[in-house]
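The values are calculated or read from the model by the stated rules, or taken from the named source; none is laboratory data. Since the model is a prediction, treat every value here as computed from it, not as a measurement. Backbone-built Cβ (ideal geometry, glycine too); neighbour counts: all protein chains shown. For accessibility, only protein heavy atoms count, side chains too; no ligands or nucleic acids. Shrake-Rupley method; radii C 1.70, N 1.55, O 1.52, S 1.80 Å.
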Amino acid sequence: KTHSKADMEKKKRELFGEDADKIWTGDMLATEVRTAKMQDVMAVLNKSSDTTIDEKIKVYRNALNDTYKGTPEEFFLYQKEILSKAFFSLDSVQDVLKQMSPEERQQEMNYIRSKMGFDSHEIDQMAEIDAKREQRWNTGLEYMQERNNIVENFKGAELEEKLKELREKYFQDEASTIERE
């Protein structure tokens, strides 16, 4: 059963009387302070180009533990998927990963995931997904290069025919979807 905000407020007042506002206002302020603290850490990490991935992970994990351990949001520390996505989304992390060869990048991503609490089986599964994404990305780049070449060299019905052949070459069953897009 879901409760409206008014129902929750009524129940809090029944249980805690006039102290309800003090209790929940303090909790809300503490939660906001923790959120702001992590936002500040993320902003610093996002711009930190002079630190290694290991240093970034250490700062990130320490800040998470310092911020959430022993709080109502402690469950957040066990959300490895969310925590790793947030870490991977940092510009400073992406900048490092972009400079690596695909093999080095995958090794580094696997390493980061291990530091975020993923086990070897989970890391292997994610590496397979990464490989599929990398392949699709590369296919898309190759397609766009050939497409640009065709657009520069053909016009009219011949252009449309060449583009259709190109879509079928790269996307087989998805060619008609690509054409509509």
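Within the stretch 80-101, how many residues turn out to be without any contact (Cβ under 8 Å) to a residue 24 or more places away in the chain and open to solvent by less than 60 Å² (accessible area, probe 1.4 Å)? Steps first, please.
Residues of the stretch 80-101 that are without any contact (Cβ under 8 Å) to a residue 24 or more places away in the chain, as a first pass: 81-82, 85, 89, 94, 97-101.
Remaining after also requiring open to solvent by less than 60 Å² (accessible area, probe 1.4 Å): 97, 100-101.
The qualifying residues number 3.
Mind listing just one residue for me: the one in the stretch 65-79 that is out of contact with any helix residue (DSSP H, G or I) (no Cβ under 6 Å at 6 or more places or on another chain) and open to solvent by 40 Å² or more (accessible area, probe 1.4 Å) and, of those, nearest to D54 (Cα to Cα)? Steps first, please.
Step one: of the stretch 65-79, the residues out of contact with any helix residue (DSSP H, G or I) (no Cβ under 6 Å at 6 or more places or on another chain) are 65-66, 69-73, 75, 78-79.
From what's left, open to solvent by 40 Å² or more (accessible area, probe 1.4 Å): 65-66, 69-70, 72, 75, 78-79.
Numbers: N65: 16, D66: 18, K69: 21, G70: 25, P72: 28, F75: 24, Y78: 20, Q79: 20 Å.
Here the residue is N65.
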Hey, could you check the stretch 102-127 for residues that are open to solvent by less than 50 Å² (accessible area, probe 1.4 Å) and polar (S, T, N, Q) and say which is nearest to Y78 (Cα to Cα)?
N110
Is it the case that the stretch 20-36 has a residue that's open to solvent by less than 100 Å² (accessible area, probe 1.4 Å) and either assigned to a loop (DSSP other than H, G, I, E, B) or modelled with pLDDT of 90 or more (or both)?
no
Out of the residues in the stretch 37-61 meeting the condition of being β-branched (V, I, T) and open to solvent by less than 40 Å² (accessible area, probe 1.4 Å), tell me which one is nearest to R113 (Cα to Cα).
I57
Identify, please: which residue in the stretch 137-153 is open to solvent by 70 Å² or more (accessible area, probe 1.4 Å) and of a type in the set (D, E, K, R) and is, among those, farthest from L163 (Cα to Cα)?
E142
